[in-house]
Amino acid sequence: MRLIDSHCHLNYEGLAERQAEVLENARARGVSGFLNISTRQREWDEIIALAEREPDVWASVGVHPHEADSHPDLGAAALAEAASHPRVIAIGECGLDYYYDKSDRAAQRERFAAHIDASRQIGLPLVVHTRDAEADTAEILSEAVREGGVAGVLHCFTGSAELARKGLDLGFYVSLSGIVTFKNAQDLQEIAKWLPADQMLVETDSPFLAPVPHRGQKCEPAFVADTAAFVAELRGEEPERLAQATTANFFKLFKKAQREAA
């Protein structure tokens, strides 16, 4: 079985201290690729350096909406320049988070717009974080897609069925994390059952959100196998089939990774 962890934070506390072990644990469970996601500009060099060292690890460049206030001058040019590195395959994570409101909402929207502009300029997909901001997220992405040249994924999806359908209609992918295995995630489990097989990804968002049966532990990329197995059972599919589909989807969306892997 071959799986891709389409969203992890290998430089975060809990994983950074034992990166080699974490990667080997995942590889032993069939994880053959990792997209290591940045959330602050100061992380970019470190995240790219890891991707340079490990041929099955790729990097993103972006600024999480929580960090919008601390990056007031970040524009599309800086993102596009950093994303020109051959091991950078995505822009993000970026988006809107009105649940915690750790940054001013106007600043969040401005930074999101900069990521969208960079995505269009350099031709890399967006990794989108959205929480309690469905209307604005849908409006902004709809306008971006109308203008053309933008694709991406709604990562760690926990939104409504309406947002999932909107994202799918826009050509975006929907990525499922360990949250889908939680007992109180019935609505998300229903969405997981009908997601199109050709627009679905799996991820860990490690070191957060460890899936069942690892609740309470530090999440790591190996656990994407547990999430994938759970989703396959929900959908009445063989785990191998789901693994093949989500891995193929990863390389369809992140085309630069396909070129690097070739």
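Filtering the range 62-91 to residues that are over 22 Å from residue 104 (Cα atoms) and touching a strand residue (DSSP E or B) at 6+ places or on another chain (Cβ under 6 Å) leaves 82, 83, 87, 88, 89, 90.
Please find, within the range 93-105, the residue that is surrounded by the fewest Cβ atoms within 10 Å (Cβ to Cβ) out of those that are among the acidic types (Asp, Glu) and within 19 Å of the chain's Cα centre (by Cα). Write out each step before concluding.
To start, the set of residues in the range 93-105 that are among the acidic types (Asp, Glu) comprises 93, 97, 101, 104.
Adding the requirement that they be within 19 Å of the chain's Cα centre (by Cα) leaves 93, 97.
Details: 93: 24, 97: 19.
Looking at the filtered set, the residue picked out is 97.
So that you can scan it fast, the table gives a plain yes or no per residue for (1) touching a residue at least 60 places away in the same chain (Cβ under 8 Å); (2) not small (Gly, Ala, Ser):
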| site | (1), (2) |
| --- | --- |
| 64 | yes, yes |
| 71 | no, yes |
| 76 | no, no |
| 97 | no, yes |
| 103 | no, no |
| 106 | no, no |
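From the residues in the range 211-262 that are acidic (Asp, Glu) and under 20 Å from the mean Cα position of the chain (by Cα), which one is nearest to residue 26 (Cα to Cα)? It comes out as 220.
Please tell me if residue 109 is of a type outside the set (Val, Ile, Thr) and part of a helix (DSSP H, G or I).
On the way: of a type outside the set (Val, Ile, Thr): yes; part of a helix (DSSP H, G or I): yes.
Yes; evaluated as a whole, the condition is true for this residue.
None of 45, 5 is without any contact (Cβ under 8 Å) to a residue 40 or more places away in the chain and either under 19 Å from residue 124 (Cα atoms) or not in a strand (DSSP E or B) (or both) except 45.
Taking residue 90, is it at pLDDT 95 or above, buried (at least 19 other Cβ atoms within 10 Å of the Cβ) and closer than 20 Å to residue 139 by Cα?
Answer is no for this residue.
Looking only at the range 80-97, which residues are closer than 17 Å to residue 35 by Cβ and either part of a strand (DSSP E or B) or among the acidic types (Asp, Glu) (or both)? Step through it out loud before you land on a result.
Pass one, the range 80-97, residues closer than 17 Å to residue 35 by Cβ: 82-83, 85-95.
Those that are closer than 17 Å to residue 35 by Cβ and either part of a strand (DSSP E or B) or among the acidic types (Asp, Glu) (or both): 88, 89, 90, 91, 92, 93, 94, 95.
Could you list, in sequence order, the residues of the range 17-36 that are in contact (Cβ under 8 Å) with a residue 60 or more places away in the chain, within 25 Å of residue 86 (Cα to Cα) and outside any loop (DSSP other than H, G, I, E, B)? If you could, list the steps in order and put the result at the bottom.
Applying the first criterion (in contact (Cβ under 8 Å) with a residue 60 or more places away in the chain) to the range 17-36 yields 22-23, 25-26, 28-35.
This time we only want the ones that are within 25 Å of residue 86 (Cα to Cα), so: 22-23, 26, 30-35.
Passing the criteria: 22, 23, 26, 31, 32, 33, 34, 35.
Scanning the range 53-68 for residues that are modelled with pLDDT of 95 or more, within 26 Å of residue 171 (Cβ to Cβ) and in a helix (DSSP H, G or I) turns up at least one hit.
The values are calculated or read from the model by the stated rules, or taken from the named source; none is laboratory data. Bear in mind the structure is a predicted one, so any value in this text is a computation, not a measurement. Quick reminder, even Gly has a Cβ in these numbers, built from the backbone with ideal geometry, and neighbours come from all protein chains shown.
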